[in-house]
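Right, one structure below, let's go through it.
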Amino acid sequence: MDVLRDILLSALTLGALYAASSVALSLIWGSIGMLNLAHGAYLAVGAYGSLLLVNALGFPWWAGILGGVAGGMLMGLVTHLFLVRWVFAKPNFEINIIILTMALSTIVIDLINNLIGPTSARQPFNLDGRIDIGGSGIAYQTLLIIGGCAVMIFGLQLVIKKTELGRAIRAVSQEPTAARLNGIPLQLVVLKVMLLAGLVAGASGVLLTAFTTVYPTVGFDPLLKALIICVVGGLGSIPGALSAAFLLALVEVVVQYVLGTKWGFPALLVSVVFALIIRPDGLFGNRLQVRN
Amino acid sequence: MSRDRLQTDVLIAIAVFAGLALLPLVAPGSYVLGQATLFAIWAAVVTQWNLVLGVAGILSIGQMALFAAGGYAVALLGLYFSISPWWSLPIAGLAGTAVSLLMGGATLRLRGAYVVVVTLAAAMVMYQLIVTDVACFRKVEIACYSLTGGARGLSRFGDFGFTRLVDYKHVATAEYMLALACLAVGTLVAIVIVRSPYGRAFQAMRDNEVCAAARGIDVAKYQLVVFAVAGFFTGLAGGVYAGTMKTFGPQVLELPTLLFLLSMMIVGGRGRIWGPILGTIALAIVDESFRDLAQWRNTAFAVVLMVMLVFVPEGLAGRLGRFSRVWTPLVDSLTGMRDRGSVRS
């Protein structure tokens, strides 16, 4: 019984982390069909933004999240100005943007390494302590992450479903050419999506790094997990990503308990491959209609 | 028509590789030859990757896992069974094929970005399994070594034994020749495939998979064939790397290596026969000019990659092809296929 409770609590914590990692990635894919391999760099820059604001400029600890948001949005702006606007809605966009964002992430990691240094630092934005549940417990930080995720996802759904911008985003995601013919400023909408995703990713970066420390490649592991989660959930489906995050976290924790820590990730991959063999477009994804 | 182009391509390939084989006469220094050996191996890897990504349009980016499979096959067989790399090279190729077929099979029903994620994750799983491998497998005096060498990698597993076969002064030359031979065989196979009916099928799959299937092309079969071929020669390149560098570690599976090879392919030109070699030469030049600024090396590769992809998406080979159309059809065939289409999405 104790084992079961521990497993469920660990899965809840891990699932919250995974959900936080994957929201921004899912948003960008769902709205402009771009797989953002610089997502890890977004998370890292967000985490460093918080460090800068709190540790270097002396703001109170809770201001860290603002630093994260600013850092993430800066990344969104840079990605749009230097990469996305040049290749969006052109042939081979899907693969080209994957390659370009991979290159961007290398540059960001190099910049952090060479300008700030490869040392790791503690994330100032975190809550100590936990709720005790008979021996094991839930850290306050986990609750903070779950709360933060809920706010981000609720906010995003509101923006996408209810606002003018959301309507434009949905139009662009369905058919860029038709959207432009109907007077939607394509590049402006794409820029706004990138800023929105940057905001979410930067905040996630701050939330996530409270459990680890902040170092240049801190975003890589969440990126890899987020990729897998979004693929299983169906690329672009935020509810899909959420369910996949908690489902895969449970699988990983159970496998780690039964076989040992190192088999967690391989087991995750195997389950993903099987999930995709049965449903090639993810659990919640729809078969993309491609015109020939 | 196709036969003519095949013959022209093969003749050009023979001329190019004969020219490259003369390098030791021009620049006999061991540093230059060492670098040239390394870059010949990278070019061999990129040539096979180009076959998968550029010609067949399958967005696999886990290619380094095949390379690692080959390299570890040679290293492990040498270490535990004292098998010379000469004998384990074919096994390295088979190891590459095995991993490649697993990857190709797993991604058979997937498309586009889904393939990217699964292949990348597969390579990363391999990386993490090797790096976290710390269990004691053999003891040398008091030091303890794991089966795969863990993050440190493997060394002292024997080499091609050129010190015994040739004069020690010519070891660097011999190693360069071996790497060049590996590249030449891989390139010739790639040329033959691209010019054969198989190549047509790959391009048809890339340009429009639904139409290709409607014309009776068995997409699954061809995908497995291209993965098997690429896997064999990538594994072979991994084996040659292990035998000539005399060390092999999980670093080849890290992202900087992936980005470096990707830059070679994009700069040279995706889907072009001569793209990988032109790209390798270009990247070798970039690499040399950043020798004193090693900490910015990866940034340099990334910037070159971005600029080329945005402004010259057809790569150096494609650019050359555009010039050549004006003055001679001979160079035109040198740059590979003209009828490029969009990558399958």
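The values are calculated or read from the model by the stated rules, or taken from the named source; none is laboratory data. Predicted model only: the values in this text are computed from it and were never measured. Because the Cβ atoms are built from the backbone with ideal geometry, glycine has one as well, and the counts that use them run over all protein chains shown. Please note that ligands, DNA and RNA were not included when accessible areas were found on the heavy atoms of the full protein model with its side chains. Shrake-Rupley method; radii C 1.70, N 1.55, O 1.52, S 1.80 Å.
Observations, loosely collected:
- Proximity of backbone amide H atoms, modeled 1.01 Å from N, is registered between B:L154 and B:F248, B:G249 at under 5 Å, excluding neighbours fewer than 5 places apart on the same chain.
- Peptides ranked, highest mean first, by Cβ atoms within 10 Å: ranges B:181-193, A:57-69, A:234-246: A:234-246, B:181-193, A:57-69
- The lysine pair count for the protein assembly as shown, using Cα distances under 25 Å and pairs eight or more places apart or on different chains, is 7.
- Extension gain, A:Q187 to A:K162, is 6.9 nm, computed as 0.36 nm per intervening residue step minus the present C-alpha separation.
- Space enclosed by the convex hull of the alpha-carbon atoms of chain A, per residue, Å³: 139 Å³
- For B:I61, residues with placed amide H under 5 Å, excluding near neighbours: B:T119, B:L120
- From phi via Karplus (6.51, -1.76, 1.60), per-residue ³J(HN,Hα) for the range B:186-193 in Hz, x at Gly/Pro: x, 5, 4, 4, 4, 4, 4, 5
- Listed residues B:G71, B:G150, B:G271, most fluctuating in chain B (Gaussian network, C-alpha, under 10 Å): B:G150
- Pairwise centroid distance, computed over Cα atoms, of the range B:288-321 with the range A:87-150, Å: 28 Å
- Paramagnetic reach from B:R5 in the range B:41-57 [backbone N under 20 Å; point 7 Å along Cα→Cβ]: B:47-57
- Hz values of 3J(HN,Hα) by residue in the range B:140-145 - Karplus curve (6.51, -1.76, 1.60), Gly and Pro given as x: 10, 6, 9, 6, 10, 10
- Net +/- balance of residues flanking A:L276 in space, Cβ distance below 11 Å, scoring K and R +1, D and E -1: +2
- Cα-based helix-to-principal-axis angle, B:2-21 vs chain B, degrees rounded to 10: 40 degrees
- Over the range B:40-125, the hull volume per residue, using the convex hull of the C-alpha atoms, is 92 Å³.
- Under-5 Å amide H pairs with A:I138, H placed in peptide plane, nonlocal only: A:I131, A:I133
- Distance in nm between pseudo-label sites at A:F59 and B:L224 (7 Å out along the Cβ direction from Cα): 5.7 nm
- The contact between chain B and chain A removes approximately 3900 Å² from the accessible area (both sides summed; 1.4 Å probe; ligands, DNA and RNA excluded).
- Measuring from each cysteine beta-carbon in chain B, the ones with no other cysteine beta-carbon under 4.7 angstrom are B:C182, B:C211.
- Rounded to whole Å, sorted largest first: equivalent-ellipsoid semi-axes of the range B:197-271, Cα gyration tensor: 31, 15, 10
- The accessible surface of the range A:161-292, taken with every protein chain in place and a 1.4 Å probe, is 64 percent carbon and sulfur.
- Pair B:R291, A:S120: separation of 7 Å Cα→Cβ label points (nm): 3.6 nm
- At R0 = 51 Å, FRET efficiency that the Cβ-Cβ distance of B:V185 and A:E175 yields, to 0.05: 0.60
- In angstrom, the C-alpha Rg and Dmax of the protein assembly as shown are 25.1, 82.
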